Amino acid sequence: MRLDKFLAHHLGASRTIVTKELKAKKVTVDGEVIKSGAYQLSPKQIVHYDGYQIEQVTSQRYFMLNKPQGYVCSTDDPDHPTILYFIDEPIPEKLHAAGRLDLDTTGLVLLTDDGKWSHRITSPKHHCEKVYAVTVEQPLGIELIDIFNNGIQLKSEKSLTKPAKLHIIDDFHAELTISEGRYHQVKRMFAAVNNHVVALHRKQIGKVILDIPEGEYRPLTQDEIDSFN
Ligand code: URA
């Protein structure tokens, strides 16, 4: 992350003020005076302003990301770019996704370094609802509404899926609300009724609604964070 962005954020100052402070030689990184705001700060470096250390990481962080296709939600993958590519924050590798999306699924990913909070989202005990926009290959029949509501037997699973709400928009588009997060759940549910998901997009988790363009991220509001309590 750029040094001027980091300082502006942590000091609550404008970039103009930060630039002045840098020019006045008030900032050191690892003991060396840095005057350029463009300096790229790496996570483990120690920053001092006016003799005081500025901690690089705030205690707990919560973000939403609108994930494009082609990025994995795990934070270290040797074969694909990860969602951390989009996150311009100190020590991004401390963040994890509260519920993953497949490589080709787009939409809402919640990121945090608060393990207890993400557990409330991902643990089956908490029945947190996730809403997906689904595009399928074969026309959708209204009988699917009951089938999904009654629960589906997925291959190599012991129990039926929990009741899921299917809202059919037209022949090939639907909105599906599920309260679990089994492996490839949505794709497997449609496969179990001889259909095939051609596009999948997560719009909502609990009360948190995706409202930013693809490839962007933003901090969650306090209300959004508290909505999982
Ligand atoms: N269900 C899936 O099949 N894939 C996802 O990415 C999310 C839910």
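The values are calculated or read from the model by the stated rules, or taken from the named source; none is laboratory data. On a predicted model such as this, the values are computed, not experimentally measured, just so you know. Cβ sites come from the backbone with ideal geometry, for glycine too, and all protein chains shown count toward neighbours. Side chains are part of the model used for accessible areas, which takes the heavy atoms of the whole protein and leaves out ligands, DNA and RNA. Shrake-Rupley method; radii C 1.70, N 1.55, O 1.52, S 1.80 Å.
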Expressed as a whole number of Å, what is the distance separating the alpha-carbon centroids of the stretch 115-133 and the stretch 3-78?
-> 31
Does the stretch 3-54 classify as rounded, prolate or oblate by the C-alpha gyration tensor (a ≥ b ≥ c root eigenvalues; a/c under 1.5 gives rounded; else a/b over b/c gives prolate, otherwise oblate)?
-> rounded
Percent RCO, i.e. relative contact order, over the stretch 93-229, from Cα pairs under 8 Å lying at least 6 residues apart = 30
Cα gyration tensor shape for the chain, rounded if a/c is under 1.5, else prolate or oblate = prolate
Please report the relative contact order for the chain, taking Cα pairs under 8 Å with a sequence separation of at least 6, and give it as a percent rounded to a whole number.
-> 19
At 1.4 Å probe size, with no ligands or nucleic acids counted, give the accessible surface of C73 in Å², nearest ten.
-> 10
Decide, for the stretch 154-229, between rounded, prolate and oblate: order the square roots of the alpha carbon gyration tensor eigenvalues as a ≥ b ≥ c, take rounded if a/c falls under 1.5, and otherwise choose prolate if a/b is larger than b/c, else oblate.
-> prolate
Evaluate the distance, in nm, between pseudo-label points positioned 7 Å from the Cα of S227 and of T177 along their respective Cα→Cβ axes.
-> 1.2
Connecting every pair of Cα atoms under 10 Å apart in the chain and solving the GNM, the largest mean-square fluctuation among A164, A133, A13 falls on A13
Close Lys-Lys pairs in the stretch 3-54, where close means Cα under 17 Å and separation is 8 or more or interchain | 10
Rounded to the nearest whole Å², what accessible area per residue is found for the stretch 42-142 with the 1.4 Å probe?
-> 50
Around C73: net Lys/Arg minus Asp/Glu count, Cβ-Cβ under 14 Å | -2
Contact order relative to length for the stretch 129-205, counting C-alpha pairs under 8 Å separated by 6 or more residues, stands in percent at 46
What's the carbon and sulfur percent of the stretch 106-224's accessible surface, probe 1.4 angstrom, rounded to a whole number?
-> 54
Lys and Arg at +1, Asp and Glu at -1: neighbours of P92 with Cβ under 10 Å from its Cβ sum to -2
222 nm mean residue ellipticity, helices alone, for the chain (DSSP H n ≥ 4; -39,500 (n - 2.57); rounded to 500) = -5500 deg cm²/dmol
In the stretch 129-229, what GluC sites (Glu not before Pro) fall in a loop by DSSP, with at most 12 other Cβ atoms inside 10 Å?
-> E137, E216
Residue pairs, from the table K158/K203; K116/K158; K125/K165; K67/K207, whose Cα atoms sit over 25 Å apart | K158/K203; K116/K158
